[in-house]
Amino acid sequence: MATSMNYIVFDLEWNQNPDRNAPPNKLLPFEIIEIGAVKLDEARNEIDSFHQLIRPSVYHWLQDTIRQVTHMHMSDLRKGKPFPDACDDFLRWCGSDYRFCTWAKQDLTELQRNMRYYHMLDLLPGPVVYYDVQKLVSYRFLDGRDRPSLEHTIDLLQLPKDQGFHRALQDASYTARIFRQIEESYLTGYESVDAFQHPVNKGAEFTYSSGNRVKYISHEFGNRDRAWNDKRVRSVYCPVCSLPTFREGEAGNSRVQWLPGNTRVNYCLSYCLEHGAVAGRLRLKKTDEEKYIAVKTLWLLADEEEEAQMKEYLETLREKKGKKL
Ligand SMILES: [Zn+2]
């Protein structure tokens, strides 16, 4: 029997250290207390849902803000399952062929951090390819950089607001509704890759190609400078043919300039002799172990208008950089 890939749209609620007089547990700053998920088939019809409360074992009462936002009570959570059982059930329910979809990035990271805490991360090998529905919304309906809230997006798309927010199953179901509004053409090339589980060994790296985009995750570096100066980290190439790209009008000059944008992201623009303008985005990420990894995306610009927009954006970055010097 042929199997098909399902989409697992999930959302988590978590608790954090409620005690101002005690330090948080460094290995588990956010303890998951609820998992909610909706399963969609390949055509994105809803076929099932999952909900589980989790009995906390690290933080023993709810932090004030979390209690206010979620309206949950510790007495309910105590009836829940321990995380390892709940997570095991959840992954079993996901099946064998699925892709995760979440609102923003943090849920997938915290799921893995909680799994690592309980030594069960081998059940979810990474780097994990997934859809960040918030990012898809930005590319489809906004400018690609904006990150709107879940409730704002429900309003924006005029979708029914028939339940509350900030509970796992409700938010997963809202996220699934929004995900269904994104046309098929936006599903190729707009995947995200979660780097919580990244290549560790020197020389190892992870690449993921889709549509006219390629994502690259480097191995760990001991410090920021070493990562930043690494040749492979800085290298630019065409996501279509993999050949090196060059500075505009300087075929042969592959020393392309990366310009710092907002929030520690760097951008560049280069050219493939055959395929045209290639944009790049590069971010150095500090890992939980205080090491650094590089996450790079290279993508082919669709037309001259996109190229002009990118040039204009880089010009503003260049001016900003000039002012700082
Ligand atoms: Zn090319």
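The values are calculated or read from the model by the stated rules, or taken from the named source; none is laboratory data. This structure is a prediction, so every number in the text was calculated from the model and none was measured. With ideal geometry, Cβ positions are generated from the backbone for all residues, glycine too; neighbour counts draw on all protein chains shown.
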- If only one of HIS198, HIS219 is at negative phi and at pLDDT 95 or above, which one is it? HIS219
- Task: Could you run through the range 179-209 and say how many residues are touching a strand residue (DSSP E or B) at 6+ places or on another chain (Cβ under 9 Å) and farther than 25 Å from TYR292 by Cβ?
- Result: 7
- Within the range 1-19, track down each residue that is outside any strand (DSSP E or B), under 24 Å from GLU46 (Cα atoms), in contact (Cβ under 8 Å) with a residue 24 or more places away in the chain and not β-branched (Val, Ile, Thr). SER4, MET5
- Note on the structure: Considering residues that are in contact with a helix residue (DSSP H, G or I) (Cβ under 7 Å, 6 or more places away or on another chain) and among the acidic types (Asp, Glu), the number found within the range 123-179 is 2
- Query: Given the structure, is LEU91 more than 16 Å from the chain's Cα centre (by Cα), under 15 Å from LEU12 (Cβ atoms) and hydrophobic (A, V, I, L, M, F, W, C)?
  - Reply: yes
- Task: Could you tell me whether any residue of the range 63-70 is in contact (Cβ under 8 Å) with a residue 24 or more places away in the chain, closer than 22 Å to HIS198 by Cβ and among the polar types (S, T, N, Q)?
- Result: no
- By residue number, the members of the range 40-73 that are surrounded by 16 or more Cβ atoms within 10 Å (Cβ to Cβ), in contact with a His (Cβ under 8 Å, 6 or more places away or on another chain) and aliphatic (A, V, I, L, M) are LEU62
- Any idea which of ASP11, ASP48, ASP41, ASP19 is farther than 17 Å from CYS94 by Cα and acidic (Asp, Glu)? ASP19
